[in-house]
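Reviewing the structure listed below.
The values are calculated or read from the model by the stated rules, or taken from the named source; none is laboratory data. Keep in mind the model is a prediction, meaning the values are calculated, not measured. Note: ideal-geometry Cβ built from the backbone for every residue, glycine included; neighbour counts use all protein chains shown.
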Amino acid sequence: FHLAGGALCQKSHLVPEMPPCDFKPEEYTGHMQWLWDVDGRRYLDLFAGVATVSVGHCHPKVTAAAEKQLRRLWHTTNIYVHPPLHEYCEKLASYFPDPLKVIYLTNSGSEANDLAMLMARLHTGNFDIITFRGSYHGGSPQTMGLTSNAAYKYPIANGLGCTNTMCPDVFRGPWGGSHCRDSPVQTIRECSCAQGHCMANDQYIGQLKETFDTSVPSRIAAFFAEPIQGVGGAVQYPKTYLKEAYKLVRERGGLCIADEVQTGFGRTGSHFWGFQGHDVIPDMVTMAKGIGNGYPMGAVVTTPEIAASFAKGVHFNTFGGNPVACAIASSVLDTIKEDGAQQISLNVGTYLMTELAKLRDKYEIIGDVRGKGLQIGVEMVKDKASRHPLPPEAMSEIFEDMKDMGVLIGKGGVYGQTFRIKPPMCITMEDADFFLAIFNKSLHNYMERR
Ligand code: PMP
């Protein structure tokens, strides 16, 4: 495992050794926060398959639960309630406040959002859906309509069956974030203008009201919001925004749906679910990714009342609630608790945010650092004055340089200008320091070349 460490030392004496790892890898292995490529090089994985590997690659406990279930029963379809399905649903329901107690299991986040959209329309009898600029809710033809960024849409399939999906321009400006004119960077959380968050919040709520008044006066079925935007680049809302927005939506007869595909399962650190950080209780919660630590699975959690409207039809999903997926997901919930993963998210995430803010002050090309827990975005700009996004080629240069030095991160944001850090929730402070040193080095290298 010293392969990458060796490469680092050859590259520059300023770059530290990788933190040690006792695990003996096979070809292209994953173990906890580490990945090995086909040549045996080791990488610190800070993207976790897009915030999916929640407790660690091939976590021994979760792997054992999967192996045990694979020897017992693979599949029955969800018409038979097998013990892993029953046990998992009981366990998952205990993580939700009343009245969110009815669970539907799917195989992905797109499927979960498709289902939530269908249920909202059946329950309300309405059709229109509101989502945000910068949102990502899936790649199925229906959820493509919910997803705002055109880069993820096929023109001909864009919003099929979902033609009245509204995307309020809540996050505007040359790149994601608020549009407070007095703030040096376009960020909501750290807005330092005299009016603070309130001004931005009022503007956003005003935009939402305008959307209702001009576009969906009475027909809203649902309002979809990620508690923190993931693919959009860790974009956050003003403090009371979601609470006020939920009120507006409900006044107009719509349902509020929290897409927790990225923010759920403790990733935001302070809470198990992202919505809890906004002091709201949604009518439906959709989830996937971290639910299975990399095993395909998703879910919709809703109220008995909404489920009753849905029960008028026949819902069938061949693999939803698959015994192996349920056994894995159940073990993931136990592991999050036993390993203190949410606490790690909070501790390491807070540390990373503090240290990344220092890099933001040091480098002209870091426009903003935002997020919560281990859901972090670092917004890259040409310079702080123009606030224009750093071009894709420059983003790739930094990204590839970091990969060469053994650190994997993600990219996102409306213009692909945000580095995304969302590692398995088992990383250590030592790993965090290693990442910070490599990021610093890559930024330094880039500035020297520029
Ligand atoms: N919602 C959010 C917030 C997501 O980030 C994603 C995936 N990036 C999805 C939904 C879609 O999930 P899947 O890819 O599992 O269909």
Show me the helices (runs of 4 or more DSSP H) entirely contained within region 64-146 in which 2 or more residues are farther than 27 Å from Glu210 by Cβ and more than 25 Å from the chain's Cα centre (by Cα). 83-93
Looking at (1) surrounded by 24 or more Cβ atoms within 10 Å (Cβ to Cβ); (2) more than 29 Å from Ser135 (Cβ to Cβ), which is the only condition Gly373 fails? (2)
Residue list for region 45-63, restricted to those being in contact (Cβ under 8 Å) with a residue 24 or more places away in the chain, away from the ligand (no atom under 16 Å from the Cβ) and not in a loop (DSSP other than H, G, I, E, B): Asp45, His57, Lys61, Val62
Give region 269-309 a look and list any residue that's among the β-branched types (Val, Ile, Thr) and in a helix (DSSP H, G or I), or say none. Ile291, Ile306
If we keep just the residues of region 191-217 that are surrounded by fewer than 19 Cβ atoms within 10 Å (Cβ to Cβ) and at pLDDT below 50, which is nearest to Gly254 (Cα to Cα)? Cys198
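Rundown of residues vs (1) touching a Gly at 6+ places or on another chain (Cβ under 8 Å); (2) within 17 Å of Leu356 (Cα to Cα); (3) free of Cβ contacts under 8 Å to residues at least 24 places away in the same chain; (4) buried (at least 18 other Cβ atoms within 10 Å of the Cβ), yes/no style:
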position	(1), (2), (3), (4)
His388	no, no, no, no
Pro392	yes, no, no, no
Lys403	no, no, no, no
Val407	no, yes, no, yes
Leu436	no, yes, no, yes
Does Ala299 meet the test of being outside the structural domain of Pro424 (by TED's automatic domain parsing) and touching a Phe, Trp or Tyr at 6+ places or on another chain (Cβ under 7 Å)? yes
Restricted to region 410-450 and to residues being assigned to a loop (DSSP other than H, G, I, E, B) and out of contact with any strand residue (DSSP E or B) (no Cβ under 9 Å at 6 or more places or on another chain), the residue nearest to Ala394 (Cα to Cα) is Arg450
For region 237-268, name all the residues that are buried (at least 24 other Cβ atoms within 10 Å of the Cβ) and in a loop (DSSP other than H, G, I, E, B). Tyr237, Gly254, Glu260, Val261, Gln262, Thr263, Gly264, Phe265, Gly266, Arg267, Thr268
Extreme residue, modelled with the lowest pLDDT, among residues of region 377-407 that are aliphatic (A, V, I, L, M) and farther than 24 Å from Val15 by Cα: Ala385
